[in-house]
1. Of the conditions (1) open to solvent by less than 60 Å² (accessible area, probe 1.4 Å); (2) more than 19 Å from K38 (Cα to Cα); (3) of a type in the set (D, E), E125 satisfies every one except a single condition; which number is it?
2. Take M192 and tell me if it is open to solvent by 20 Å² or more (accessible area, probe 1.4 Å) and among the hydrophobic types (A, V, I, L, M, F, W, C).
3. Cβ-Cβ below 6 Å, separation at least six or inter-chain, first residue in region 194-214 and without any contact (Cβ under 8 Å) to a residue 24 or more places away in the chain and within 30 Å of A24 (Cβ to Cβ), second among the acidic types (D, E) and buried (at least 16 other Cβ atoms within 10 Å of the Cβ): which pairs?
4. Filtering region 197-241 down to residues that are touching a helix residue (DSSP H, G or I) at 6+ places or on another chain (Cβ under 7 Å) and open to solvent by 80 Å² or more (accessible area, probe 1.4 Å), which residue is nearest to A89 (Cα to Cα)?
Amino acid sequence: MVGLQPSEVPPTTVVKFLGAGTAACFADLLTFPLDTAKVRLQIQGENPGAQSVQYRGVLGTILTMVRTEGPRSLYSGLVAGLHRQMSFASIRIGLYDSVKQFYTPKGAERTWPNITRNAIVNCAEMVTYDIIKEKLLDSRLFTDNFPCHFVSAFGAGFCATVVASPVDVVKTRYMNAPPGRYRSPLHCMLRMVAQEGPTAFYKGFVPSFLRLGAWNVMMFVTYEQLKRALMKIQVLRESPF
């Protein structure tokens, strides 16, 4: 067995919030350079005449940034990212189980319609992670431990990247464009299709997947272990001996 075993006592809301926020910050610390590289690749080619540095691939982008701007450029905006994860991820991930349990009757063997409802208040990666983990446990090929969490998080990262990449690219282009270039996100999307073709929506897909996949694995694995560790501490503190 790898990692802590599930606690017999369900984790409290405070444990879920603290564990989710801490795990998300840990994942951000380790994967932030991949996110920075992803953004640089996504906006590359939008205005060729004004850009002197050309990036090639994930590793090439990171090495070029270190050489031309210094290592600290890879972590530009990290503090704001950590603040976001501690406030946003703690609610988004910490509340997921509670919302799921609220909509799922006790003893129900199929939670698919309810998981669909939960997608309204959770991003695709949460729902996908939950579905994959549930299927792996039902198949009895895995137990509720590290390998199961790793595979589920990896699959969730891939699915989330496929679904979110077009929106992410348009958002990045739109927010980094000079004033007046695009009238709206829709205008940005249409110009991308006309000038660069549909494949432009998946520009920077590899760094996006590497970042999101790695982030999901680190966050979910850490989160699952933190929940169990915090609950063991709480049980020991409440024990009379």
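The values are calculated or read from the model by the stated rules, or taken from the named source; none is laboratory data. Source: prediction; values computed, not measured. Neighbour counts are summed over all protein chains in view; Cβ atoms, including those assigned to glycine, are modelled from backbone coordinates with ideal geometry. Please note that ligands, DNA and RNA were not included when accessible areas were found on the heavy atoms of the full protein model with its side chains. Shrake-Rupley method; radii C 1.70, N 1.55, O 1.52, S 1.80 Å.
1. Evaluating E125 over (1) open to solvent by less than 60 Å² (accessible area, probe 1.4 Å); (2) more than 19 Å from K38 (Cα to Cα); (3) of a type in the set (D, E) leaves (2) as the failure.
2. no
3. From residues that are without any contact (Cβ under 8 Å) to a residue 24 or more places away in the chain and within 30 Å of A24 (Cβ to Cβ), there are no pairs.
4. V206
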